[in-house]
Amino acid sequence: MLRNLVFALVLSASTVHAVELHHVEVRTGTDGLSPVSLALNNAAGEAIACSADIAHWYSVELATAAPGADIRIELWFDPDTGTYSVLNDKRENLPVERLWCGFEGRAYATRAQIELERAALPAERPVSCAGTADRLNCG
């Protein structure tokens, strides 16, 4: 029995393909990018947290706002690709796949997506967030 299992594993190993790793060039700085500032007002009755999905499995928190507070979320727009980015502490461009806000402490479950047109937004775009206990609405 064990011999058959080992034999089967050896045979299946021949169908495994190697993965070749390639160097990825990470863009840094803001040359060629246009600044876009989201002027966000929290009109909800509780604190909110705003995040950006950077990769399919990774998100970063960008800002939080108490009820009635105003915050700014700084984005950078690449007119050649239609991509919005945020900068990390090394000034590396982190492409934003999705931007959303939700009630702090349960932001993902109550999130509202903030639409980012793939054409340049004005340098400052006002956004107001309000909602019910179950869901935040931003627009």
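Could you grab me the full set of residues in region 25-57 that are hydroxyl-bearing (S, T, Y) and farther than 22 Å from R135 by Cα?
Of all residues in region 25-57, those hydroxyl-bearing (S, T, Y) come to 28, 30, 34, 37, 51.
The answer is T28, T30, S34, S37.
Could you check region 11-50 and list, in sequence order, the residues that are at pLDDT 80 or above and hydroxyl-bearing (S, T, Y)?
T28, T30, S34, S37
Looking at (1) buried (at least 17 other Cβ atoms within 10 Å of the Cβ); (2) in contact (Cβ under 8 Å) with a residue 40 or more places away in the chain; (3) assigned to a strand (DSSP E or B), which is the one condition that is false for S37?
(1)
The values are calculated or read from the model by the stated rules, or taken from the named source; none is laboratory data. Worth saying up front: this structure is predicted, and the values here are computed from it rather than measured. So basically every Cβ, Gly included, is an ideal-geometry build from the backbone, and we count neighbours across all protein chains shown.
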